[in-house]
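The values are calculated or read from the model by the stated rules, or taken from the named source; none is laboratory data. Remember, it's a predicted structure, so these values are computed and weren't measured experimentally. Because the Cβ atoms are built from the backbone with ideal geometry, glycine has one as well, and the counts that use them run over all protein chains shown. The area values use the complete protein model at the heavy-atom level, side chains included, leaving out ligands, DNA and RNA. Shrake-Rupley method; radii C 1.70, N 1.55, O 1.52, S 1.80 Å.
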Amino acid sequence: MTNATHETLRAGRVSIGADTCVPDSKLDIAHWSEPESEAVVVMSKRRSALFGEFDRIDQSALKSYARSLLHYGFGAEAKVILEMSEGKPDALMTALSFLVDGRPDPGRFFAGQESCAGAAALWAVLSTPNLSSSAHLETDLILQSFEALPKHLKEHLGPLLAERLTGAGFTDAAREVYVRMERAFGSESDRVALGRANMDLKDGNLADAETRLKPLSENGTSQTPESIKARISLAEAQNERLPERIVELADAYANEYRNTDQGAVLWQAHIRSLLQNGAFDQAFMAMDDAKGIPDDIQAETRELAF
């Protein structure tokens, strides 16, 4: 407890064995905009207040404008505005500028705060791609913090939060995230359906996974590439052949996304689909075309093929 600040103690939250927790008062992103106002009106008003006398930037107005951008999920834009600050940009808001976009925070501002009993834990989980299964999480409090987010941020960040929790083994909490999203939006979005299918795969509920993955992998939505990967994993778990249509789609998406962040895993998914169907000659030919694929993924794929 020696590194706990007076402010943290006063707020009644001390994280044992972790960094001092950011107090909820500094993470009240739901109230960083004027209530019941249109985004364009709020941001226009706050942007126009940036420049004061002699065209000097009003630092208070800059912070207010950056907060409104973060509230509405414009992380990259908020980062640019924060870089206009006098001195070093606010570290907390800079971290949020990455996280509201669903990107990892390179500064790892929330590192070690997963076990905090407040909103800091939510942002710490969102900032940790490979959350440890040994992490001590107050999942009920994390869900409360998620519930307090603006609706548009819940829609964008909910599936990512559920994926982080699922990867660390907190499947009950991950399912509750999806339940709360469905309650908030009245239906199951494609991304939520994909998340639930991946959870079913992990839990061995293959029939339920298949019910969701079949339309997702064939309907040509933004979730189709990830759904095809999951469909291949399903076929491997069932020890069944894939429809040729899925193999063709895996090839098409592997080529389309070749030079993107998803390119390497889609390249590997295509080869896995060929192997699953016994098309070994085609699989080895595809492995020869590995330009731009990281060495570790190439080695992993060759080992799988052999």
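Data table
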item	result
Residue, nearest to residue 290 (Cα to Cα), within the range 234-258, restricted to residues that are surrounded by fewer than 19 Cβ atoms within 10 Å (Cβ to Cβ) and within 23 Å of the chain's Cα centre (by Cα)	258
Residue 252 over 23 Å from residue 190 (Cβ atoms), among the aliphatic types (A, V, I, L, M) and without any contact (Cβ under 8 Å) to a residue 60 or more places away in the chain	no
Meets criteria (of a type in the set (A, V, I, L, M, F, W, C), over 23 Å from residue 179 (Cβ atoms) and at pLDDT 90 or above) for residue 78	yes
Every residue from the range 215-233 that is surrounded by 15 or more Cβ atoms within 10 Å (Cβ to Cβ) and small (Gly, Ala, Ser)	217, 227, 230, 233
Odd one out for residue 204 among (1) touching a Lys or Arg at 6+ places or on another chain (Cβ under 9 Å); (2) at positive phi	(1)
Yes/no for residue 139 being of a type in the set (S, T, N, Q), open to solvent by 30 Å² or more (accessible area, probe 1.4 Å), within 18 Å of the chain's Cα centre (by Cα) and under 17 Å from residue 28 (Cα atoms)	no
Residue in the range 151-163 that is modelled with pLDDT under 95, in contact with an Asp or Glu (Cβ under 6 Å, 6 or more places away or on another chain) and not small (Gly, Ala, Ser) present	no
In the range 40-65, residue surrounded by the fewest Cβ atoms within 10 Å (Cβ to Cβ) [restricted to those that are hydrophobic (A, V, I, L, M, F, W, C) and in a helix (DSSP H, G or I)]	54
Single unsatisfied condition, residue 258 versus (1) modelled with pLDDT of 95 or more; (2) in contact with a Gly (Cβ under 9 Å, 6 or more places away or on another chain); (3) within 24 Å of residue 191 (Cβ to Cβ)	(1)
Number of the condition not met by residue 37 [criteria: (1) modelled with pLDDT under 80; (2) touching a Ser or Thr at 6+ places or on another chain (Cβ under 8 Å); (3) surrounded by 12 or more Cβ atoms within 10 Å (Cβ to Cβ); (4) of a type in the set (S, T, N, Q)]	(2)
Inter-residue pairs, beta-carbon under 6 Å, first without any contact (Cβ under 8 Å) to a residue 12 or more places away in the chain and in the range 187-199, second of a type in the set (Asp, Glu), 6+ apart	188/182
Residues (out of contact with any helix residue (DSSP H, G or I) (no Cβ under 8 Å at 6 or more places or on another chain) and either buried (at least 22 other Cβ atoms within 10 Å of the Cβ) or in a helix (DSSP H, G or I) (or both)) located in the range 79-118	80, 91
Verdict on residue 68 being more than 24 Å from residue 141 (Cβ to Cβ), modelled with pLDDT under 95, in a helix (DSSP H, G or I) and open to solvent by 40 Å² or more (accessible area, probe 1.4 Å)	no
Conditions (1) open to solvent by 20 Å² or more (accessible area, probe 1.4 Å); (2) modelled with pLDDT under 90; (3) part of a loop (DSSP other than H, G, I, E, B): number failed by residue 131	(1)
Answer residue from the range 175-193, given it is of a type in the set (Val, Ile, Thr) and closer than 19 Å to residue 148 by Cβ and is surrounded by the most Cβ atoms within 10 Å (Cβ to Cβ) among those	177
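Rundown of residues vs (1) among the aromatic types (Phe, Trp, Tyr); (2) in contact (Cβ under 8 Å) with a residue 24 or more places away in the chain; (3) more than 30 Å from residue 56 (Cβ to Cβ), yes/no style:
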site	(1), (2), (3)
90	no, yes, no
96	no, yes, no
103	no, yes, yes
111	no, yes, yes
119	no, yes, yes
123	yes, yes, yes
134	no, no, yes
